[in-house]
Amino acid sequence: MKKVISLMLLFATMLTFTACGGVDEPDNTKLSKTAYSMYREDTQTIEGTNVADLVWESDNEFVATVKNSAVTGQYVGKASVKSATKNLSFTVEVKPRYNTYEEPYLEWGASKSAIKAKYGTPQSEDTNSLIYQTSNTNAPIMLYVFENGKMSTCGVVCKISTAYQLGDFLVERYVPVKVDVDNYSATLLHCYGKISDPQIDYGVAMQYNSSIGGVLVAYTGVNNSKSRSAEAINFPKAFESLEKALK
């Protein structure tokens, strides 16, 4: 009888240990902050419990990247960052330090009526262009050029006195390809997605224009969506079309 009782006690003890071992520990991994706001090249530590060893993925590495539990701002914009292993995510907004002017309406293929609905009656208009006088003393002229009734290029005329600030304004928003501060010129690209596999949807270029006595900034889309370089954008044609509209 004593052996039977001993075996029963041993069996009960084993069941107790088995039951205790089968209980899942609570997951204490959590974020204490789900929205980050910063400037370009700023870095902030991800705040939370047990998040130091998590792997994070940004949906737009040209806005924000994450490494060693820290998020770094790249270019102006918004991105969403998610954990690769946990159901955790947070947003990142990279704000501009420079607000030299309000950028044009960048909906490629937009109609004249869509532009007019947004900005009202233009200062001047012809078959292929719209020109607006703005209230911004830094950038008094904004214009749009159309091909076959669709917006293909837009631009802004800035005063020469804003040239250096203009360079900073563009570089914090776009990936620079070529910058020549002395000659007030630059070529930049709007990129998104992964840095290892960049996507480009339009480019921006600035150059001093003696005929208008200011710096002309041209925005234009890519000619070939499969190309991922500045060669995919016809900047000379963009400048030519803007200069023609200004005459």
Legend entry - Checking A35 against (1) among the hydrophobic types (A, V, I, L, M, F, W, C); (2) out of contact with any Gly (no Cβ under 8 Å at 6 or more places or on another chain); (3) buried (at least 19 other Cβ atoms within 10 Å of the Cβ), the condition it does not meet: (3)
Legend entry - Hey, E107 part of a loop (DSSP other than H, G, I, E, B), farther than 23 Å from Y208 by Cβ and either in contact with a helix residue (DSSP H, G or I) (Cβ under 7 Å, 6 or more places away or on another chain) or open to solvent by 70 Å² or more (accessible area, probe 1.4 Å) (or both) or not: yes
Inset, instruction - Report, by residue number, each residue of segment 207-247 that is open to solvent by 60 Å² or more (accessible area, probe 1.4 Å), modelled with pLDDT under 90 and assigned to a helix (DSSP H, G or I). - result: E231
Inset, instruction - Counting only residues that are under 30 Å from N60 (Cβ atoms), give me the strands (runs of 3 or more DSSP E) lying completely in segment 124-187 with at least 3 of them. - result: 141-147, 150-159, 175-180
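Taking segment 40-81 on its own, how many of its residues are open to solvent by 80 Å² or more (accessible area, probe 1.4 Å) and farther than 17 Å from N28 by Cα?
8
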Inset, instruction - Mind checking which strands (runs of 3 or more DSSP E) fall wholly inside segment 29-94 and carry at least 2 residues that are modelled with pLDDT of 95 or more and aliphatic (A, V, I, L, M)? - result: 35-39, 64-67, 70-73, 77-83
Inset, instruction - Please enumerate the residues belonging to segment 137-180 that are more than 24 Å from the chain's Cα centre (by Cα) and under 21 Å from S210 (Cα atoms). - result: T137, P140, I141, V145, K159, I160, S161
Inset, instruction - Select, from V204, V177, V157, the only residue that is surrounded by fewer than 20 Cβ atoms within 10 Å (Cβ to Cβ) and either of a type outside the set (D, E, K, R) or free of Cβ contacts under 8 Å to residues at least 40 places away in the same chain (or both). - result: V177
Inset, instruction - Show the residue pairs that are 6+ apart or on different chains and have beta-carbon atoms under 7 Å apart, the first residue being within segment 137-151 and over 15 Å from I115 (Cβ atoms), the second being buried (at least 16 other Cβ atoms within 10 Å of the Cβ) and among the aromatic types (F, W, Y). - result: N138/Y101; A139/Y101
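The values are calculated or read from the model by the stated rules, or taken from the named source; none is laboratory data. Keep in mind that this is a model prediction, so the values were computed, not measured. Reconstructed Cβ throughout: ideal geometry from the backbone, glycine too, with neighbour counts over all protein chains shown. Only protein heavy atoms, including side chains, enter the accessible area calculation; ligands, DNA and RNA are left aside. Shrake-Rupley method; radii C 1.70, N 1.55, O 1.52, S 1.80 Å.
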